[in-house]
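Below you'll find the structure, written out as structure tokens, and then a few comments.
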Amino acid sequence: MRDLKDVRRDISAIDHEILKLFLKRMKCAEEVSDYKMEHGGQVLVPSRETELMNTMLQDIPDELKLEYSSLLRTTTRVSRKHQYARMLEAEPQRLQLDLYPRNNDPKTVYYGGLPASYADIAAKDLFPHAQRIPQNSWEDVFHAVLDGKADIGVVPVENSTAGTVNEVYDLLEQYGLYITHSHIKRIRHCIAACKGASFDTIKEVHSHPQALRQCQQYIKQHNLTPVEESNTAVAAHAIAQSGDLTRAAICSEAAARLYGLEILEDHVNDADFNQTRFIAVSRFLSTQEADTRVSLVLTLPHIVGSLYGALAVFADYGVNMTEIHSRPLRDMPWNYCFYIDFDGNLLRQDTRALIYQTMQECSYVRILGSYSVTQDSEVKA
């Protein structure tokens, strides 16, 4: 058996040879991109890559075929990345984005629920000078923005305890709206009831499904029956209107005070670290220098490795992916779209090149928005 130092010395020598060959291959990739810019043609030609794969694997031992296949796929992918970036830099018109001025001071902001709901509070944090108008549902918010009744809509998309709000992402696609702002708010639920109620009298606790999930251990410990409502503030208002001492609401302290309920206990969410991320949605895609986050949705061909290949592109560009989740396609059972958030800015060349490559290689891509992420003072603390 050879000494480990000798083996590592050989590995370093081999890596230097690979480096030389890699640089030669990238030079060839540049020549390919120059040719295609002059004569036309797609960067990704699946038949060509399949032919290359089949040819190169003929001389590889069976026990190393998967390893070499992975290496070859990575090499061809980063070669395409180099071509896309080069072509877009030379011809910026290859990526056409209809960008509009950002509305940072809207007159009207719609949100789901009632006054003192968490969405109302988040809307005030984001747009303190706007008129805030409640709606019965998140879909009503989207409909109002699409019709131009509202300048902006504010809705929740994610909670640190209960997870993604899938319905909102579905509405983003359904209504074709765009994210312009994002705000993280610390959520501190309380349990509130009518005057005279106590833990000896209450049997049910009413709230939004997300809030109930955020307090499920507390609810079980107190042997309460959870009842879903459309919103935390709606729950508080309904309990106050009912006068029923057997029912309570999980809501914000602001909602309890506004609707005249007594707070039986505060901070009842199971996790101390309980935060919800809200977004502002608009009819128009916009960007500005301060933006730090981009969201998009994509679908992929139903073939082996398509998801891995799409996600690996983000790593190729050195981009930090901050969130990903899937949703089933309505008309294609067992097929999915993927919602992805990543650090970037639509004004930056690397972000644009990433989006350009993704649009060229995925079945469907839509940019959902460009924005910055703010936090309220309690989160920062």
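Okay, residues lined up against (1) farther than 18 Å from LEU172 by Cβ; (2) of a type in the set (Phe, Trp, Tyr); (3) in a loop (DSSP other than H, G, I, E, B); (4) touching a helix residue (DSSP H, G or I) at 6+ places or on another chain (Cβ under 7 Å):
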{"position": "LEU311", "(1), (2), (3), (4)": "yes, no, no, no"}
{"position": "VAL319", "(1), (2), (3), (4)": "yes, no, yes, yes"}
{"position": "GLU323", "(1), (2), (3), (4)": "no, no, no, no"}
{"position": "SER326", "(1), (2), (3), (4)": "no, no, no, no"}
{"position": "TYR336", "(1), (2), (3), (4)": "no, yes, no, no"}
{"position": "TYR339", "(1), (2), (3), (4)": "no, yes, no, yes"}
{"position": "ASN345", "(1), (2), (3), (4)": "yes, no, yes, yes"}
Review point. Does ASP125 fit the bill of being part of a helix (DSSP H, G or I) and under 25 Å from the mean Cα position of the chain (by Cα)?
Key: yes
Point to revise | Residue, nearest to THR358 (Cα to Cα), within the range 287-299, restricted to residues that are open to solvent by 30 Å² or more (accessible area, probe 1.4 Å) and not in a strand (DSSP E or B) | key: THR292
Point to revise | Single condition ILE187 does not satisfy, out of (1) open to solvent by 10 Å² or more (accessible area, probe 1.4 Å); (2) under 21 Å from ASP376 (Cβ atoms); (3) of a type outside the set (Phe, Trp, Tyr) | key: (1)
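Out of GLY153, GLY196, report the one residue that is at positive phi, outside any helix (DSSP H, G or I) and among the small types (Gly, Ala, Ser). Full working, then the answer.
Working: GLY153 fails: at positive phi.
Of the residues listed, the single one that is at positive phi, outside any helix (DSSP H, G or I) and among the small types (Gly, Ala, Ser) is GLY196.
Quick check on the range 128-139: of everything there that is part of a loop (DSSP other than H, G, I, E, B) and over 19 Å from ALA235 (Cβ atoms), which residue is most open to solvent (accessible area, probe 1.4 Å)? Quick ask: steps written out before the conclusion?
The first filter runs over the range 128-139 and keeps only residues part of a loop (DSSP other than H, G, I, E, B), leaving 128-130, 136-137.
So of that shortlist, the ones also over 19 Å from ALA235 (Cβ atoms) come out as 128-130.
Details: PRO128: 80, HIS129: 158, ALA130: 12 Å².
Of everything passing the filter in the range 128-139, HIS129 is most open to solvent (accessible area, probe 1.4 Å).
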Exercise for review: Would you mention how many residues in the range 204-248 are surrounded by fewer than 13 Cβ atoms within 10 Å (Cβ to Cβ) and assigned to a loop (DSSP other than H, G, I, E, B)?
Suggested key: 2
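Of the residues ASP59, ASP15, which is outside any helix (DSSP H, G or I), of a type outside the set (Ser, Thr, Tyr) and open to solvent by 80 Å² or more (accessible area, probe 1.4 Å)?
Answer to the check: ASP59.
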Review point. Would the range 100-108 turn up any residue that is of a type outside the set (Phe, Trp, Tyr), open to solvent by 60 Å² or more (accessible area, probe 1.4 Å) and over 22 Å from GLU289 (Cα atoms)?
Key: yes
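Give the residue, chosen from ASP98, ASP105, ASP3, that is over 30 Å from VAL145 (Cβ atoms) and either in contact with a Leu (Cβ under 6 Å, 6 or more places away or on another chain) or among the acidic types (Asp, Glu) (or both).
Working: ASP98 fails: over 30 Å from VAL145 (Cβ atoms); ASP105 fails: over 30 Å from VAL145 (Cβ atoms).
Exactly one of ASP98, ASP105, ASP3 is over 30 Å from VAL145 (Cβ atoms) and either in contact with a Leu (Cβ under 6 Å, 6 or more places away or on another chain) or among the acidic types (Asp, Glu) (or both), namely ASP3.
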Practice item. Restrict the check to the range 273-286 and report whether at least one residue is farther than 30 Å from VAL319 by Cβ, open to solvent by 10 Å² or more (accessible area, probe 1.4 Å) and either charged (D, E, K, R) or within 18 Å of the chain's Cα centre (by Cα) (or both). Key: no
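Across the range 163-175, what is the total count of residues that are of a type outside the set (D, E, K, R), in a helix (DSSP H, G or I) and open to solvent by less than 50 Å² (accessible area, probe 1.4 Å)? I'd like the intermediate steps shown before the answer.
Our first condition is that a residue be of a type outside the set (D, E, K, R); within the range 163-175, this holds for 163-166, 168-169, 171-172, 174-175.
Among the residues that remain, those that are also in a helix (DSSP H, G or I) are: 166, 168-169, 171-172, 174-175.
Narrowing the set further to residues that are open to solvent by less than 50 Å² (accessible area, probe 1.4 Å) leaves 168-169, 171-172, 175.
So the count comes out to 5.
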Review point. Within the bounds of the range 140-158, is there any residue that is at pLDDT below 95, touching a Pro at 6+ places or on another chain (Cβ under 9 Å) and either of a type in the set (Ser, Thr, Tyr) or surrounded by 16 or more Cβ atoms within 10 Å (Cβ to Cβ) (or both)?
Key: no
Practice item. Could you look through the range 176-188, keep only residues that are in contact with a Ser or Thr (Cβ under 7 Å, 6 or more places away or on another chain) and outside any strand (DSSP E or B), and pick out the one that is modelled with the lowest pLDDT? Key: ILE187
Check your understanding: What are the residue pairs meeting all of these: first residue in the range 164-179, first residue among the acidic types (Asp, Glu), second residue in a helix (DSSP H, G or I), Cβ atoms under 9 Å, and 6 or more apart or on different chains?
Key -> GLU167/TRP138; GLU167/GLU139
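Got a sec? Which of GLU31, GLU38, GLU91 is open to solvent by less than 60 Å² (accessible area, probe 1.4 Å) and among the charged types (D, E, K, R)?
Details: GLU31 fails: open to solvent by less than 60 Å² (accessible area, probe 1.4 Å); GLU38 fails: open to solvent by less than 60 Å² (accessible area, probe 1.4 Å).
Checking each option against the conditions leaves just GLU91.
The values are calculated or read from the model by the stated rules, or taken from the named source; none is laboratory data. As the structure is a prediction and not an experimental result, all values here were calculated from the model. Virtual Cβ from ideal backbone geometry, glycine too; neighbours counted across all protein chains shown. These accessible areas exclude ligands, DNA and RNA; they are computed on the full protein's heavy atoms, side chains included. Shrake-Rupley method; radii C 1.70, N 1.55, O 1.52, S 1.80 Å.
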